[in-house]
Amino acid sequence: MFIEDFKKENGSRYIAAEYPKTQFADKQFTISLISHFLFMYDEHLNYEFHKRTLSEIIRITSKEIRIFPIVNLKGKRSLFVEKLMEDREYKDYKMVIKKVDYEFVKNGNEMLKIKIT
Ligand SMILES: C[S@@+](CC[C@H](N)C(=O)[O-])C[C@H]1O[C@@H](n2cnc3c(N)ncnc32)[C@H](O)[C@@H]1O
């Protein structure tokens, strides 16, 4: 499905970016989904990187952010999840953990939902 979709419009609907910075405008997206990236590599990307990336995604999102899954490569919930949820810097954003039906990696059936508005 991805390959078929990517072929449309010469792939121009897909834009590469490298966190923690992106080229997108403030609130350019209604919903942002981060899939199998944040939390997953918590042994390689430190908490500061997670914060800088989340702050950037908050900047470019108007309504909601979904980070899925919330486990690391060992299949354990990343310690950064609770740390982010309790971080004073994000106190204005409602964060909840939701179960989902899809599980691609072991124990990866939960997402972190962050309400922006
Ligand atoms: C496990 S893959 C997940 C791919 C896809 N999101 C999915 O769920 O199938 C992790 C991806 O993160 C990308 N990546 C690594 N460092 C990155 C960074 N600093 N900014 C953005 N993407 C990065 C890698 O190139 C890789 O494609």
Among the listed pairs 51/74; 74/113; 63/113; 51/83; 21/98, those beyond 18 Å (Cα-Cα): 51/74; 74/113; 21/98
What are the residues whose amide H is under 5 Å from the amide H of residue 71, where those residues sit 5 or more places off or on another chain and H is modelled from the backbone? 78
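Using 0.36 nm times the number of residues separating residue 24 and residue 85, minus their current alpha carbon distance, what extension gain do you get? Could the numbers behind the result be given before it?
Working: separation 61, 0.36 × 61 = 21.96 nm, distance 2.48 nm.
Computed gain between residue 24 and residue 85 is 19.5 nm.
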Computed [θ] at 222 nm, helices only, for the chain once each DSSP H run of length n ≥ 4 contributes -39500 (n - 2.57): -7000 deg cm²/dmol
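Ignoring ligands, DNA and RNA, what accessible area per residue does the range 2-115 give at 1.4 Å, in Å²?
Value for the range 2-115: 67 Å² per residue.
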Prolate/oblate/rounded label for the chain (Cα gyration tensor, a/c 1.5): oblate
Can you work out the Karplus-derived ³J(HN,Hα) for every residue in the range 69-83? Use 6.51 cos²θ - 1.76 cosθ + 1.60 with θ = phi - 60°, whole Hz, and x for glycine or proline. x, 10, 9, 9, 5, 8, x, 9, 4, 5, 5, 5, 4, 5, 4
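Within 10 Å, count the other beta carbons around each residue, average over each peptide in 25-33, 66-74, and list them highest first.
Values: 25-33: 12.8, 66-74: 20.3.
The packing order, highest mean first, is 66-74, 25-33.
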The range 2-115, accessible surface, carbon-and-sulfur percent (1.4 angstrom probe): 52
Within the chain, what percent of beta bridges assigned by DSSP are antiparallel, to the nearest 5? 65
Along the range 63-68, what does the Karplus equation 6.51 cos²θ - 1.76 cosθ + 1.60 (θ = phi - 60°) give for ³J(HN,Hα), rounded to whole Hz, x for Gly and Pro? 10, 8, 10, 10, 10, 9
Around residue 45, which amide H atoms from residues at least 5 apart in sequence, or from another chain, sit under 5 Å from its own amide H, with H modelled in the peptide plane? none
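The values are calculated or read from the model by the stated rules, or taken from the named source; none is laboratory data. This one's a predicted model, so the numbers in the text were calculated from it and none came from an experiment. Because the Cβ atoms are built from the backbone with ideal geometry, glycine has one as well, and the counts that use them run over all protein chains shown. Keep in mind that these areas ignore ligands, DNA and RNA; they rest on the heavy atoms of the full protein, side chains included. Shrake-Rupley method; radii C 1.70, N 1.55, O 1.52, S 1.80 Å.
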